[in-house]
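Laboratory data are not the source of any read-out in this text; all were calculated from the coordinates shown. On a predicted model such as this, the values are computed, not experimentally measured, just so you know. Positions of Cβ are generated from backbone atoms using ideal geometry, with glycine treated the same way; all protein chains shown enter the neighbour counts.
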Amino acid sequence: MRTPKTGGREFVANYTRMVDTIVGLLFQRAAEENGRRADDTDIAVVAMGGYGRSELAPFSDVDILIACGKKTALVEAIAGSFIRLMWDCGFELGHAVESLVEADAALTRDMDTKTALIESRWVCGSKRVAKALEKKIGRIRKSDREEYLRRKIDDALARREKFGTSFQLIEPNVKLSPGGLRDYQTLVWLGLVGRVPHGLLALRKKGLLLRGERRELDAAYDFLLRVRVEMHLATKSKQDQLTVAVQQGMAKSLGFAARDDHLAVEFFMREYYRHTRTVARITEDCMDALGRGADVGVLLGQSRLKRDGSKLDMPLRLPTLRKRPLVVFEKQKASGQKLARALRRRLENVVEEELGAAAVVERMRRSFPLLLDDDRNVDLVVRSLHETRFLMKIVPEYDQLTCLKRYDLYHHYTVDEHSFKVLENLVTLGRADAPANDPLVRLYSELPEKRVLFLSALLHDIGKIEGRGHAKKGAILSRTILKRMAVPQHEIDIVSDLIENHLLMSHYSQRRDPTDIGTLTAFCDRVGNRTRLKNLCLLTYADYRATSPLVWNEWKRTLLWELYVRAYDFMARREKQPEDVYRTHKEHLLSAFPEGDERRRALSHLDLLPGGYLLTMTPDMVRDHIQMIERLDGEPVVMGHRFVGGAHEITFCTHDKPFRLSELCGVLAINDFTILNAFAFTRRDGKVIDVFVVEPVDRGEALAPDETLLRIEHIRGNLLDVFRGQLDLEAATKKHAHRWRRVAKGGIPVVTQVTFENDVSKDFTIIDVFAQDRPGLLYTITRTLSQRGLTIARAKISTEGTRAIDSFYVGKLLAPDALKDAREALEAAVDSK
């Protein structure tokens with residue numbers, strides 16, 4: 001079957017007509033096999049469901065009702081022959097055989113059947129039976145109409161409960177996700193039970209659809225049908241899930257092309273989200289107008305649409321709008337109300353048709369920053385500006401961001417939606433119900449001027465319209481945008497700097513070690529001062545949390561806050577000499593131990609360890625380590641466990657041996673733990689302290705205490721087996737990885753990449769490994785580094801979707817040959833698994 005070049009509706013209509021012809025021929029053959037003509041059988045073949053709507057996709061089920069005047073042996077024989085012939089032709093068939101006598105009870109047994117009947121149509125066979133059935137359907141249409149309508153709205157709400165309310169899913173279901181085909185069909189069904197006209201025209205007549213919305217819905221439906229058809233042809237199945245695996249091929253077959261560092265698939269998905277946003281928004285508006293099912297009488301002519309007094313509505317006077325083009329949004333900022341649907345639509349029309357003069361647009365742009373002077377309803381106002389397209393007049397570049405999503409499994413939302421969620425996350429910190437003991441809430445309250453923060457949130461990803469390197473490109477673009485708004489130059493400088501560095505703090509907190517003085521110095525030099533550090537910390541938090549519901553967690557909050565506190569303290573004290581820093585932290589640790597034998601033991605312990613240990617550990621951790629070291633003389637390994645930042649911290653005290661760190665990583669992997677962070681410290685007497693922060697692979701709820709103890713004991717048993725040579729860790733990790741590979745989701749392939757940084761830390765080379773995430777990956781990397789004779793001091797582990805980003809601090813590598821050798825070995829080891 002060739003790829004269709006027609007629109008979606010035209011293709012499915014043509015395809016349905018072709019199926020009608022085949023069904024007619026097969027029914028005729030079945031009748032002849034039983035000695036009758038097709039029109040002389042007392043049987044009517046009636047199309048139901050998508051087939052009844054004439055909207056069959058190539059691999060859809062063909063749903064039919066075989067209706068008869070009375071069930072006889074002849075009817076059963078013809079129906080049996082017909083169904084067998086349909087199966088022989090390869091149709092996936094949904095069918096029922098019902099007599100007119102049984103029809104009233106059988107045909108209305110549930111609401112889905114009722115819907116299918118209302119949309120049914122005669123295909124072939126007895127027209128007399130078909131007309132009798134049509135009369136019964138007419139009565140069905142009139143009975144239990146209110147229950148039918150409420151059921152349809154309930155079904156739509158249940159779909160949102162199951163699939164979420166966002167139309168921006170990474171792998172949406174074309175049929176069932178918000179804004180999908182079923183939402184459109186729901187609107188049609190809501191208009192089917194009243195008097196003529198039916199369908200969307202009925203909704204328009206009742207005032208449930210506004211001017212232009214029916215045309216937008218039809219365009220969206222045509223596109224979604226085309227997507228579904230293409231997906232059926234590409235997968236040779238009735239697949240409705242638009243998976244990442246098929247999106248690229250879909251983009252090509254639908255005629256989308258790459259342009260300006262943007263992939264063809266990104267333009268395809270942008271168009272997809274644009275249409276599903278339209279369907280989802282109008283469906284939500286209609287359900288709201290019908291009181292989520294409470295006011296279905298509007299559809300039956302029993303009542304009129306009610307005005308929603310909770311929403312902002314007001315007359316629009318053009319002279320006022322030309323002088324104060326944002327007057328509606330100023331009122332919204334004061335009231336905190338959502339815009340009434342009709343007002344929102346009027347604003348959308350008026351901004352395109354009446355407010356395009358240069359002087360009006362300039363007034364609009366100069367007024368906009370004033371709406372961001374405080375956080376009162378600022379997130380609501382910005383969303384309304386976007387929905388009504390006023391934001392595109394103020395910032396024309398935003399039109400290119402709308403419904404745009406980069407091709408990855410890390411960013412859950414389109415760029416525009418992500419930016420609004422960043423703004424919401426910031427505003428939430430200032431609400432009355434924000435937890436007062438949250439340090440981020442306190443930090444937010446310390447900033448008297450928040451406009452630069454809000455502008456940074458709104459524009460931080462503006463550079464994505466130009467592709468890669470969006471932070472630097474966005475910083476340049478933002479200067480042009482803010483100058484149009486007449487924002488003061490010092491604010492422009494701050495916003496531009498925040499945008500250029502908005503990835504910096506997540507990079508350093510997730511992939512760098514703030515206890516390394518060189519790393520901390522490099523970070524503070526980039527940030528500049530403590531005020532910018534505060535803004536950057538808040539922007540990073542809001543940005544990270546808005547990326548995906550699954551990305552932000554307590555551990556990442558802990559890492560971010562640790563970097564902020566260390567950097568703030570470093571800037572305040574202006575400590576530049578590592579010796580001074582180490583001395584200060586050593587004195588702090590020792591002060592927690594009583595003078596005498598306990599302090600002497602602590603001093604002896606600290607003197608045997610590198611400076612990084614002093615900056616990393618708390619007094620309680622040092623006390624635990626001393627006790628564990630003392631127990632080590634009689635045991636091959638001593639383990640400790642505690643909870644930290646929503647994760648598990650597991651400490652191993654062992655004797656230094658080659659490949660020791662990789663052995664620990666492997667044992668943790670086969671026990672279903674994901675490593676988030678790792679520190680390795682070797683005392684001068686050969687005793688090793690390895691601290692891992694881990695979480696269960698499934699990232700579900702924290703383990704119960706009893707289960708934790710069992711898991712820790714199992715890890716210890718596995719480790720002892722490895723030390724004794726009784727467990728082949730290489731084979732065990734391969735077996736474990738194979739088990740998880742069977743349940744792993746497909747996704748965008750990640751190219752393995754190894755990079756080095758030699759100018760951040762004085763003592764270490766930082767190796768970053770980017771690879772496809774999988775169980776046992778860290779074991780493979782650490783073993784490879786050990787095989788090259790490299791000592792790993794610490795590791796930072798993070799993931800972006802299916803991409804692992806693992807960073808390692810190793811002994812200084814300066815020779816080009818050594819760097820090349822390490823890169824080639826790592827890439828070969830990772831790609832060979």
Within the chain: Cβ-based charge dipole about Cα centre, in debye rounded to nearest 20 (Lys, Arg +1; Asp, Glu -1)
3300
What pairs from 323/472; 114/238; 483/534 go past 27 Å between their alpha carbons?
323/472
Under 13 Å from the Cα of residue 162, which aspartates and glutamates turn up, not counting those fewer than eight places away in the same chain?
154
Please compare each pair in 127/205; 252/405; 556/812; 762/820 to a cut-off of 23 Å on the Cα-Cα distance and tell me which ones are over it.
127/205; 556/812
Within the chain, helix-based [θ] at 222 nm, where runs of 4 or more DSSP H residues each add -39,500 (n - 2.57), nearest 500
-17000 deg cm²/dmol
Counting only DSSP beta bridges with both residues in the chain, tell me the antiparallel percent, nearest 5.
90
Global geometry of the range 373-496, whether rounded, prolate or oblate, following the gyration tensor of its Cα atoms and the 1.5 cut on a/c:
prolate
Indicate the gyration tensor shape class of the range 235-281 (rounded, prolate or oblate), computed on the Cα atoms with a ≥ b ≥ c the square roots of the eigenvalues: a/c under 1.5 is rounded; otherwise a/b larger than b/c is prolate and the rest oblate.
oblate
For residue 95, the net charge from surrounding residues (Cβ-Cβ under 12 Å; K, R +1; D, E -1) works out to -3
Give the lysines whose C-alpha is closer than 20 Å to that of residue 734, dropping any in the same chain fewer than 8 places away, or say none.
745, 833
Residue farthest toward the positive end of the dipole of the chain, with Cβ of Lys/Arg at +1 and Asp/Glu at -1: which of 814, 572, 209?
209
Would you mind computing, in nm to one decimal, how far apart the modelled labels at residue 146 and residue 791 are, each placed 7 Å from Cα along Cα→Cβ?
8.1
Provide the net charge surrounding residue 231, with neighbours chosen by a C-beta distance below 11 Å and charges set as Lys +1, Arg +1, Asp -1, Glu -1.
+3
Is the range 274-348 best put as rounded, prolate or oblate by its Cα gyration tensor, with a ≥ b ≥ c the root eigenvalues, rounded for a/c under 1.5, and otherwise prolate when a/b is larger than b/c, oblate when not?
prolate
Each label sits 7 Å from Cα toward the beta-carbon; between residue 302 and residue 17 the label points are separated, in nm, by 4.1
Relative contact order of the chain, please, whole-number percent, based on alpha carbon pairs below 8 angstrom and at least 6 residues apart.
7
Any trypsin sites (Lys or Arg not before Pro) in the range 66-148 that lie in a DSSP loop and have at most 16 other Cβ atoms within 10 Å would be 70, 71, 109
Rounded to the nearest 20 debye, what is the charge dipole size of the range 358-411 about its Cα centre when +1 sits on each Lys and Arg Cβ and -1 on each Asp and Glu Cβ?
200
Where does helix 660-670 land angle-wise versus the long Cα axis of the chain, in degrees 0 to 90, nearest 10?
20
Just to be sure I follow the definition: excluding the sites themselves, where is the longest run in the chain that has none of the GluC sites (Glu not before Pro) in a DSSP loop with at most 14 other Cβ atoms within 10 Å?
93-353
Mind listing which trypsin sites (Lys or Arg not before Pro) in the range 706-738 are in a DSSP loop and have 11 or fewer other Cβ atoms within 10 Å?
724
Can you check what the net charge comes to around residue 647, using other residues whose Cβ is under 9 Å from the Cβ of residue 647 (Lys, Arg +1; Asp, Glu -1)?
-3
Given unit charges at Cβ for Lys, Arg (+) and Asp, Glu (-), the dipole magnitude of the range 52-104 about its Cα centre in debye, nearest 20, is 200
Non-local amide H neighbours of residue 377 (under 5 Å, H modeled in plane, Pro and chain starts lacking H): which ones?
none
Run through the range 462-504 and list the trypsin sites (Lys or Arg not before Pro) located in a DSSP loop whose Cβ has at most 13 other Cβ atoms within 10 Å.
468
Selected from 181, 232, 169, residue furthest toward positive end of dipole (the range 157-247; charges at beta carbon):
181
